[in-house]
Amino acid sequence: MQKSLTLLGSTGSIGESTLDVVARHPERFSIYALTAHRNGDKLVEQCLRFAPAVAVVGDAVTAGHVAAKLRAAACKTEVVYGPQALVEVSQNAQCDTVVAAIVGAAGLAPSLAAARAGKRILLANKEALVMSGSIFMDAVRDHQAILLPVDSEHNAIFQCLPREIKLHGGVSKIILTASGGPFRTREPESLVGVTPEEACKHPNWVMGRKISVDSATMMNKGLEVIEAHWLFDLPGERIDVLIHPESVIHSLVSYSDGSVLAQLGNPDMRTPIAHALAFPERVDSGVTPLDLVQIATLSFEKPDYRRFPCLALAMQALAAGGLASAALNAANEVAVEAFLSREIGFAAIAQVVEAVLDGLQNREASGLDDVIEADDAARRAAAQAIRHLPAGLRHAAGHGVRP
């Protein structure tokens, strides 16, 4: 039976990769809704190709621009806008599958709406679990939603876990691999003056600017550790991180009998996307087959927490529990945006996040309102921390010169 998809974040790298896989299998997949924030021109191109019933954008101005272009092309896609519209297309009865690929906290509400509507959810928005892990997983369970991880690391773990027995039966630990990003071999002292352009130049993956910076700080891997905790119901001490520069092994599962299972493939997000879209079947993703002879060598190393303090901060937030992970995520989003805007230096990202966590009055979340309140408070605290940074850390990126 053909699956009808709502694709949240269709103009980002995950969204484009998803549409590439969908286009290869028109008999299997159709598009009910596409959503973007302000990238109206790309959204128009996607609507003309895939003819969704609905397109969602972030604001009225972008909606007007997109609607005018679609009318001129005789495209009947309805254009709506705003956060509530994202929620509505995520729970609409005309779609059975929601690909959650909006980056950041903005993806939480529609992803949670999809869970409460009992949808099949392909989760690429790790912040949904980082911010509201127990709330989200309870919604998945209570409403019998199906949750399939799309992040390459979590999808790899999912593929390596047993299907016929409970997770903890025989599983010793899971191991998330990380490329180490563009600064894997740089001395920590040399990172103070790196520019956004340097931080966004990932050696293996093509990603958006925010997630590229998170990869450079390894905060992305820290968020993935928290996500793995909720997805696979394992404590932090049974989740390891291993730097693997080639990005060929996407993650591993270690078993109590000494076996270690790994999922390998070329670094292309279409592989985990195709796996999750077609699960439990397998379909062509368009990815070039892996040639181990050509790769020849696979290398591994432990992460250096002095070089990557954001990874350590994420581990601390997971151990603290409560609202610490939500605060961590919010502070990081504010700090990364400030870095990309050249307001602060690269090294200041971790300092801002640490300052917010140090000032956090942590507690357990009784509901989504508590999560949103903690998110707002952490953003305000991060903005204040930025204002109180020494001048050298505030303007180190690009020597304070704006583009």
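Kindly indicate whether Glu343 is charged (D, E, K, R), in a helix (DSSP H, G or I) and touching a residue at least 24 places away in the same chain (Cβ under 8 Å). Write out each step before concluding.
Numbers: charged (D, E, K, R): yes; in a helix (DSSP H, G or I): no; touching a residue at least 24 places away in the same chain (Cβ under 8 Å): yes.
Here the answer is no, as Glu343 does not meet what is asked.
Test each condition in (1) surrounded by fewer than 21 Cβ atoms within 10 Å (Cβ to Cβ); (2) at pLDDT 95 or above for Thr297 and report the one that comes out false.
Condition (2) is where Thr297 drops out.
Residues of the range 193-243 being part of a loop (DSSP other than H, G, I, E, B), over 26 Å from Phe339 (Cα atoms) and either hydrophobic (A, V, I, L, M, F, W, C) or touching a Phe, Trp or Tyr at 6+ places or on another chain (Cβ under 9 Å) (or both), which ones?
Here is the first cut: in the range 193-243, the residues part of a loop (DSSP other than H, G, I, E, B) are 193-195, 200-208, 218, 233-235.
Filter again for over 26 Å from Phe339 (Cα atoms), leaving 233-235.
If the condition is that a residue be part of a loop (DSSP other than H, G, I, E, B), over 26 Å from Phe339 (Cα atoms) and either hydrophobic (A, V, I, L, M, F, W, C) or touching a Phe, Trp or Tyr at 6+ places or on another chain (Cβ under 9 Å) (or both), then Leu234 is the only one that fits.
Based on what the data block shows, is Val103 modelled with pLDDT under 95, within 30 Å of Asp376 (Cα to Cα) and either in contact with a Gly (Cβ under 7 Å, 6 or more places away or on another chain) or acidic (Asp, Glu) (or both)? Step through it out loud before you land on a result.
Values: modelled with pLDDT under 95: yes; within 30 Å of Asp376 (Cα to Cα): yes; either in contact with a Gly (Cβ under 7 Å, 6 or more places away or on another chain) or acidic (Asp, Glu) (or both): yes.
Yes: the conditions hold for Val103.
Any idea which of (1) assigned to a helix (DSSP H, G or I); (2) within 19 Å of Leu223 (Cα to Cα) is the one Asp369 doesn't satisfy?
Among (1) assigned to a helix (DSSP H, G or I); (2) within 19 Å of Leu223 (Cα to Cα), Asp369 violates only (2).
Report the residue count in the range 138-173 for those that are in a helix (DSSP H, G or I), touching a strand residue (DSSP E or B) at 6+ places or on another chain (Cβ under 8 Å) and not β-branched (Val, Ile, Thr).
Within the range 138-173, the subset in a helix (DSSP H, G or I) is 138-142, 152-160.
After this cut, where a residue has to be touching a strand residue (DSSP E or B) at 6+ places or on another chain (Cβ under 8 Å) as well, the list is 140, 152-160.
Filter again for not β-branched (Val, Ile, Thr), leaving 152-156, 158-160.
Going through the range 138-173 one residue at a time, the tally reaches 8.
Scanning the range 163-189 for residues that are modelled with pLDDT under 85 and of a type outside the set (D, E, K, R), which turns out surrounded by the most Cβ atoms within 10 Å (Cβ to Cβ)?
Leu167
Looking at Leu328, Leu311, which one is at pLDDT 95 or above, closer than 20 Å to Thr177 by Cα and either part of a loop (DSSP other than H, G, I, E, B) or out of contact with any His (no Cβ under 9 Å at 6 or more places or on another chain) (or both)? Walk me through it before giving the result.
Details: Leu328 fails: closer than 20 Å to Thr177 by Cα.
Leu311 is the lone residue from the list that is at pLDDT 95 or above, closer than 20 Å to Thr177 by Cα and either part of a loop (DSSP other than H, G, I, E, B) or out of contact with any His (no Cβ under 9 Å at 6 or more places or on another chain) (or both).
Only one of these is without any contact (Cβ under 8 Å) to a residue 24 or more places away in the chain and more than 18 Å from Ile372 (Cβ to Cβ): Arg163, Arg120. Name it. Lay out the reasoning, then the answer.
Working: Arg120 fails: without any contact (Cβ under 8 Å) to a residue 24 or more places away in the chain.
After ruling out the rest, the residue left standing is Arg163.
The values are calculated or read from the model by the stated rules, or taken from the named source; none is laboratory data. Predicted model only: the values in this text are computed from it and were never measured. Cβ sites come from the backbone with ideal geometry, for glycine too, and all protein chains shown count toward neighbours.
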